[in-house]
1. Among A:Glu226, A:Glu63, A:Glu428, which one shows the highest mean-square fluctuation when chain A is modelled as a Gaussian network with alpha-carbon springs under 10 Å?
2. For A:Ser55, enumerate residues with amide H under 5 Å from its amide H, sequence gap 5+ or separate chain, H modeled in the peptide plane.
3. Just the isolated ones, please: cysteines in chain A lacking another cysteine beta carbon under 4.7 angstrom.
4. Can you pull the semi-axes for the protein assembly as shown, root of five times each eigenvalue of the Cα gyration tensor, sorted largest first, whole Å?
5. Could you give the angle, 0 to 90 degrees to the nearest 10, between helix A:245-272's Cα long axis and the longest principal axis of the Cα atoms of chain A?
6. Once phi is turned into θ = phi - 60°, what whole-Hz ³J(HN,Hα) does the Karplus curve with 6.51, -1.76 and 1.60 give for every residue of region B:69-74, x standing for Gly and Pro?
7. From Cα pairs below 8 angstrom and at least 6 apart in sequence, can you work out the relative contact order of chain A, rounded to a whole percent?
8. Angle, helix A:403-432 long axis vs. longest principal axis of chain A, Cα atoms, 0 to 90°, nearest 10?
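Laboratory data are not the source of any read-out in this text; all were calculated from the coordinates shown. The structure presented is a predicted model; accordingly, all values stated were derived computationally and were not measured. Neighbour counts run over all protein chains shown; Cβ positions are idealised from the backbone, glycine included.
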Amino acid sequence: MADFTLIPKDDDNPVPQPHMIKKGNPKSFSCPNCAGTVKVEALGLSITAICQFCSSVIDIANENYKILKTAHEKTRPTLLNIGNKGRLQGLMWEVIGYMEKTDFSEIYRWDEYLLYNPYHGFRFLVQSQGHWSIYKLLKQSIQEQGIALQIRVNNQKYTRFMNGKTLVAYVKGEFYWRVRKGEETVVTDYIAPPYQLSITKNDDEITAALGEYLDAKAVAKAFKVEGKMPYKTGVAPNQPGSYTGAEVGKLWLTTLSAFAIATLIQFAYLFSADNKYIYSNHWNIPVQNRNQTIATEPFELPKRSNMLITGSSADLRNDWVELDITVLNDNNEEVRQFKQPIEYYFGSDYDGTWSEGNNFSDTLLSSLPKGNYRLLIDTDAGAFQKNQPLQLAVKIKRDVINWSNYGFTLLLLLIYPCYAGIRFLMFEKLRWSESDYTDKFWS
Amino acid sequence: MIVRRDVDVEAIGKMATLPEDMSPLMIGSQGVYQGIRFHLIGRMKIGWKDGTWNEWYMTMENGTNGWVAEAQGFYAVNFEYKQALIAETEKAVKALGKPLLIDTSDNTPMYLPESKVNKKALGSYIFLDRQKFKVVDLKETVCRGSEGELPYAAPTGRRTLSVDLLGHKGEFAAIEIDHVTTRIYVGRYVDWPDLHWQQVRSLENW
């Protein structure tokens, strides 16, 4: 029976020429149950179709269409309708099938839309508690992991999230497999937000589907959903947070580097700072002079630096002083003015002794230009009200080491990473609260 | 090129014998695989109890011939693997089972008996072309029609045992056992854009 022939490239050759090839057309047929029109979009691929009028399940795997299950129910409305088209992830998809699925408790229900594009095949668009993901089947053999908590596929590490049985609760449209209500599968979900790897087992087949989280608004826009989108609750297993663990880790690493740099700068400063007194004086101010302004003799700031002005009253006891100080630059007439209160109170009560304040106080003026300066000091004090003179001393130090700037810098640096870290932890806690493996995350 | 052509004789001249589909491919479609242009020159429509798929025969511009399998929205480019099998693989292939005897008169088999398919082989691993493949599907198939040029006779009704294998990086392999020959194909799954298709069939509404 071997009959090898050399095929000549001639008219005898039954090669259909492009002009002979029929355009691909979706097909319609009459439902064998209710005679309503049933349309098949994925012709040649779909093997089950559900009549949109009577919900009968029809076997269309071959030409003599056969009813698998007669029904006389109206089709249930769904958010996306069979026949809707929309662009997701840059490709146009047509909704050709819908399944409502539930877990075994039948508490959780979710929607699975079968999407079709004759060039790109199929995708599954899944809506669960307001969260949307699009899935593509992987043509890769996935190593069965048993109870492994992590699995690596295409250089992506996925963490086991949930394992459970699912049930098909309702179907409409057309499917490329023998879909049936009540069909059970065992699904294990692994996550690497925004991705999710769902490994499904039924009878003798293991399939892996790779899902990606979608923005609900993008889905609504793509399919021109007019009604309300399902209300979003909780955090979906593969929902990306504002921050990923890697981002938070990186953020903290950056912060620590910034800490190190700030510390280095502070240390360099520590060793280079002059930290020298440039002025010191003291006064005994009688009550009758209380309204006179004290003008100091000029002193020199030899180079641009900060200036620490310390006012003190050595005999201050349970009393207060308020200095109104004007720092006057003799060279350019610039002034800086500030109030410097000195308060010192102490005593004892049932809890023991207490004290508040001190008999001196500091004001640090940052970055003053070099030049000659004078202080103008107005005073007010508790002592004057008691008709007592005021003891006042003022010391001025230049180029002092400023620890508060350093501390403040560290504090500022901490704000954002702390915020991001807390946001991340709270989000992950919500995510994993739905997992079978919650302990895993917190251990 | 030597091509076996005792195809469905009655079908010559009336191409509509193939079950209709929405495939964007047709004889004359061109693509590029690993930098080499290829042309589709023939097709087999394979049926099994749960549907049909297309096996497109193609010729590449470097002289090799191969196949583009188009099933359930997936494409796999593959080539017949003609090297000797290692003993272990040979044994595993033999253990897969045998198809029923060829019966060309049966043109529209609905459900094919699977008595001779070794379902136990599912999930087992077979080494081919220095790669590890998992047996993911074994099924009895029937040729539902063919067109164009094919490397062997594929009359309507020809029965084979068809075994799909999958590597863990998307490698594709298939073992096709008919009543006389066992053919092995090795290749890989590709996405539609990967093959840079031209001369594709026009599709209503797409």
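1. The residue that fluctuates most here is A:Glu63.
2. Hits under the 5 Å cutoff: A:Glu73.
3. A:Cys418, each lacking another Cys Cβ under 4.7 Å.
4. Result for the protein assembly as shown: semi-axes of 84, 28, 23 Å.
5. Value to nearest ten degrees: 20.
6. Once rounded to whole Hz, the list reads 7, 10, 9, 6, x, 10.
7. This gives 13 percent for chain A.
8. 20 degrees
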